[in-house]
Structure formats: C-alpha cells, structure tokens
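Presented below is the structure to which this report refers.
The values are calculated or read from the model by the stated rules, or taken from the named source; none is laboratory data. Note that the coordinates shown come from a computational prediction; the quantities given were computed from them, not determined experimentally. Positions of Cβ are generated from backbone atoms using ideal geometry, with glycine treated the same way; all protein chains shown enter the neighbour counts. What goes into the accessible areas is simple: the full protein's heavy atoms, side chains included, and nothing from ligands, DNA or RNA. Shrake-Rupley method; radii C 1.70, N 1.55, O 1.52, S 1.80 Å.
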Amino acid sequence: QVQLVESGGGLVQTGGSLRLSCAASGVIFRLYHMHWYREAPGKQRELVATITSDGIRNYADSVKGRFTISRDNAKNTVYLQMNSLKPEDTGVYYCAAYLRLQNYWGQGTRVSVSS
C-alpha cells in the first residue's frame, strides 16, 4: 500500500519559514520524481517545486529564490524548505510521486501566512 504523509505545516508570520516533509512508503522512492503542489483558497492546484529521481530541481517563478526542494532517498522523504513566506503562499500543500503512469498523492498539510 502506497502512502505519502505530509507534515510541517502551520501558521507563520510574513517573512517566516517553514519546512515541510513528505514521507513515502510502499514505493521504491529513489525511482520517483517528487513534486510539491499547493492549493490556495479559491484557486486551482498549482505545481510549486519538483525534484527528479536524478536530483534535478525546478520551481514555480513565484517561489524561486525562496523555496528549496530536497530529497533523502535513505529516509524515503522529500522536503520543502520555505523561507521569506508571503500571505500568497497560504494554502494546502500536497506532495506527489510520479513514475511513468503511476502517480500518488498525500493528504496535504496546511500552511497559513499572516500579514
């Protein structure tokens, strides 16, 4: 059974930092491309950051220079370090694991940034 479990969300003030984690089980983690998405209130889910199985990183323009995605294959975990948070970063953050036609999603963790 595949599970992705996010943690690390919370309430933070503008300019603050949070580190999200996503622990995977039931998959050969190192083979999967890992993604962080977010869904802001009233908006569509958007891709925030990606790290491929080879460690290549990509970011949405809105978070470049502020967010860092990383992975620890020994721990089957992907991270999202979020710095200089803004109110527009508020939303539910989901991790996703993709491998060819397989994709799995976590249940999400909520991030709220107060102004």
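Of everything in the range 62-77 that is among the charged types (D, E, K, R) and part of a loop (DSSP other than H, G, I, E, B), the residue that is farthest from the chain's Cα centre (by Cα) is Lys75.
Tell me yes or no: at least one residue of the range 81-101 is open to solvent by less than 30 Å² (accessible area, probe 1.4 Å), more than 14 Å from Gln3 (Cα to Cα) and among the small types (Gly, Ala, Ser). Scanning the range 81-101, I find at least one residue that is open to solvent by less than 30 Å² (accessible area, probe 1.4 Å), more than 14 Å from Gln3 (Cα to Cα) and among the small types (Gly, Ala, Ser), so the answer is yes. Entry remark, the range 14-39: residues being in contact with a strand residue (DSSP E or B) (Cβ under 7 Å, 6 or more places away or on another chain), open to solvent by less than 50 Å² (accessible area, probe 1.4 Å) and outside any strand (DSSP E or B) number 2 in total.
Residues that are touching a His at 6+ places or on another chain (Cβ under 9 Å) and in a loop (DSSP other than H, G, I, E, B) within the range 40-53 comprise Thr52, Ser53, listed in sequence order. Considering the range 78-104, and only residues there that are at pLDDT 95 or above and in a loop (DSSP other than H, G, I, E, B), the residue that is farthest from Ser53 (Cα to Cα) turns out to be Lys86. Can you tell me which residues in the range 103-115 are open to solvent by 30 Å² or more (accessible area, probe 1.4 Å) and touching a residue at least 24 places away in the same chain (Cβ under 8 Å)? Tyr104, Trp105, Gln107, Arg110, Ser112, Ser114, Ser115 - these are the residues of the range 103-115 that are open to solvent by 30 Å² or more (accessible area, probe 1.4 Å) and touching a residue at least 24 places away in the same chain (Cβ under 8 Å).
The residue of the range 40-52 that is surrounded by the fewest Cβ atoms within 10 Å (Cβ to Cβ), among those that are touching a strand residue (DSSP E or B) at 6+ places or on another chain (Cβ under 6 Å) and small (Gly, Ala, Ser), is Ala40.
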